[in-house]
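Peer 1: Below: one structure in structure tokens.
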Amino acid sequence: MSPSSRPIIIVTGANGGVGFGICERLLYQLCHSNPTDATAQAFAPPHPDSGSAPHDEQLHLLHPLQCDGLTLIMACRSTTRAEVAKSQLLHSLDARVAWLKSQPTYDGHAEKFRKNVDINVLCLDLADIGSIFQFSNVVVDKYPYISHLIFNAGLASFSRIHWPTAIWQVLTSPMNSVTAPAFYLQHTGELSVDGLGWVWQCNFFGHFILFKSLHKKLLSSPTRARVIWTSSLESSPAYYDPKDWQMTNNLHSYESTKYQIDIVATLLDTLALRDPTHTQPRHFIAQPGICSTSIGKALTTPLLDLIKVMLFYLARMCGSPHHPITPLKAAIPAVHLSLAPLLFITLFNSLPPKPSSKLNADVPPTPLAVRYGAETDRWGHERVGLTPVKEWQRYQPEAEFLLAKCNALYEQLSAVQRAKSAS
């Protein structure tokens, strides 16, 4: 693979948690000439005849990402912490390469790959629209294309634990209490410095701006670009209020913004699949399962956090497939979606119907919408599984409404940024 066609991957929130796990897993996997995360999972469609795919798409559909180098862009709010994480990644990568070299079947690929690894740290604060556009401008000026956008960064505005609900859920539904807890209370009314819903901007709209502002660079990718959105097992339409689309007054802004990711990413991929040129970037949804990160630690003591992690392991041993627990295992869906042939992750057997509108209101909605999730067996062996986008057919019109609102707001903000740059 020539330097001009090596993958250039952006990972947001890459300095810790699942974002760091994604970076580490990408490096580990690409050290191998045949990455295991690129292999077909249980849900992959049957292998078609060689002539069944469009000619210009055959290689990308049928072959995994194999490369002798990588440019990894760590997009983080704190560049200081990101530089520390970068050093840790390189140290871990060197240890991995040394281990591979000691194996009797070593083929020399890891050393070649290591020489061509370039990890860059760039500042990105999703809570600041100006920072997002500044980041995009740097990327546009510095890189010839972007092959992958992995939208991992996010937050939850937890205020406290509602202990009566926690105790009741643990007693009546113990497995659910460590999979989709209902006892975390969240703040409402929080706005970003841009006057937008804070959680909404950090989880969803900031990434949407990034996708729109880097769209031309995605189109320039040597292979069909991929945008991977991170959702959650807690994503749900149960708390969703279409009138409060920026989630400023929503008591469950985390679950609701994650659901917005589900339906908008599904719609964007539906539109991409209808592209006759096969050049529009594909959009996929990854959910990392239940992972022990810092997102909820502020509400607990170190002892309670330890007990929580122990309960995670107990849930896994009792048969829950949704508890990968460690960031490296939780990263498997994002890495699989990055490396696997498109054939393995394309679940539409034919082109989906067009989005509903007044002109084609009688066209049925897309029959299948899924997320790719981190799963394990009882012993922690990870795999990729599928969970549905809940009530997709019902909420497809809402996805179209939301996409239109986001497009309009993006154009407005983009015009403001251009005016500031010109002044």
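Peer 1: Is it the case that the range 286-296 has a residue that's closer than 30 Å to GLN412 by Cβ and among the hydrophobic types (A, V, I, L, M, F, W, C)?
Peer 2: Of the range 286-296, the ones closer than 30 Å to GLN412 by Cβ are 286.
Pick out the ones that are also among the hydrophobic types (A, V, I, L, M, F, W, C) and you get 286.
Scanning the range 286-296 turns up at least one residue that is closer than 30 Å to GLN412 by Cβ and among the hydrophobic types (A, V, I, L, M, F, W, C).
Peer 1: If you go through the range 200-251 one residue at a time, how many are open to solvent by less than 10 Å² (accessible area, probe 1.4 Å) and acidic (Asp, Glu)?
Peer 2: 0
Peer 1: Hey, can you tell me all the residues within the range 85-121 that are under 14 Å from LEU26 (Cβ atoms) and among the aromatic types (Phe, Trp, Tyr)?
Peer 2: Of everything in the range 85-121, just one residue is under 14 Å from LEU26 (Cβ atoms) and among the aromatic types (Phe, Trp, Tyr), namely PHE113.
Peer 1: Also, quick follow-up: Somewhere in the range 261-278, is a residue over 29 Å from LEU368 (Cβ atoms) and either at pLDDT below 95 or assigned to a helix (DSSP H, G or I) (or both)?
Peer 2: Checking the range 261-278: not a single residue is over 29 Å from LEU368 (Cβ atoms) and either at pLDDT below 95 or assigned to a helix (DSSP H, G or I) (or both).
Peer 1: Six or more apart or on different chains, Cβ atoms under 6 Å: show the pairs whose first residue is in the range 211-227 and of a type in the set (Lys, Arg) and whose second is open to solvent by 20 Å² or more (accessible area, probe 1.4 Å) and outside any strand (DSSP E or B).
Peer 2: Pairs found: LYS212/TYR410; ARG224/HIS60.
Peer 1: Okay, moving on. If the Cβ limit is 7 Å and pairs must be 6+ apart or interchain, which residue in the range 303-332 that is of a type in the set (Lys, Arg) and open to solvent by 40 Å² or more (accessible area, probe 1.4 Å) pairs with which residue that is outside any loop (DSSP other than H, G, I, E, B) and at pLDDT 95 or above?
Peer 2: LYS329/ALA374; LYS329/THR376; LYS329/GLU382
Peer 1: A further question follows. Go through the range 142-173 and report how many residues are in contact (Cβ under 8 Å) with a residue 24 or more places away in the chain and not hydroxyl-bearing (Ser, Thr, Tyr). Reasoning before the result, please.
Peer 2: Kept after step one, since they are in contact (Cβ under 8 Å) with a residue 24 or more places away in the chain, are these residues of the range 142-173: 143-161.
If we keep only those that are not hydroxyl-bearing (Ser, Thr, Tyr) too, we end up with 144, 146, 148-156, 158, 160-161.
So the answer is 14.
Peer 1: Being hydrophobic (A, V, I, L, M, F, W, C) and over 15 Å from the mean Cα position of the chain (by Cα) narrows it down to one of LEU267, LEU233, so name that one.
Peer 2: The conditions single out LEU267.
The values are calculated or read from the model by the stated rules, or taken from the named source; none is laboratory data. Everything numeric here is computed off the predicted structure, so don't read it as measured data. Here Cβ is always computed from backbone atoms with ideal geometry, including for glycine, and neighbour counts include all displayed protein chains. For the accessible areas, the whole protein counts, side chains as well, though only heavy atoms, and no ligand, DNA or RNA atoms are used. Shrake-Rupley method; radii C 1.70, N 1.55, O 1.52, S 1.80 Å.
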